[in-house]
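The values are calculated or read from the model by the stated rules, or taken from the named source; none is laboratory data. Quick caveat, the model's predicted, so the values are computed rather than measured. Cβ sites come from the backbone with ideal geometry, for glycine too, and all protein chains shown count toward neighbours.
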Amino acid sequence: ITHGYAQPVAVPSVPSSSVPIPGGLPQFPPPGAIHKEGETEAERLHRQQEQLLQMERERVELEKLRQLRLQEELERERIELKLHREKEQVLVQ
């Protein structure tokens, strides 16, 4: 069981004369490389983009709910303040 990780793919070795990647990042498999269950690199990238989009949609939805909650909280505080001021007015008279 690979726990969702892609199986290692045999990639031809790159000649040592090639330019090293800045920061020592691993090289990406070629576009036609096969990943889990016959998934190509392009399909894997597409699936990852879909997952990122879904996460972004959920983040936006949570932010909307947060904004609504803050708006309701602010409205409650305004009402409370208004009632307090009305009470003060009655006491002053």
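Assess whether residue 2 counts as being among the β-branched types (Val, Ile, Thr), surrounded by 10 or more Cβ atoms within 10 Å (Cβ to Cβ) and either within 28 Å of the chain's Cα centre (by Cα) or at pLDDT 95 or above (or both).
no
Take residue 43 and decide whether it is surrounded by 10 or more Cβ atoms within 10 Å (Cβ to Cβ), of a type in the set (D, E, K, R) and modelled with pLDDT under 95.
Judged against the criteria, residue 43 is a match.
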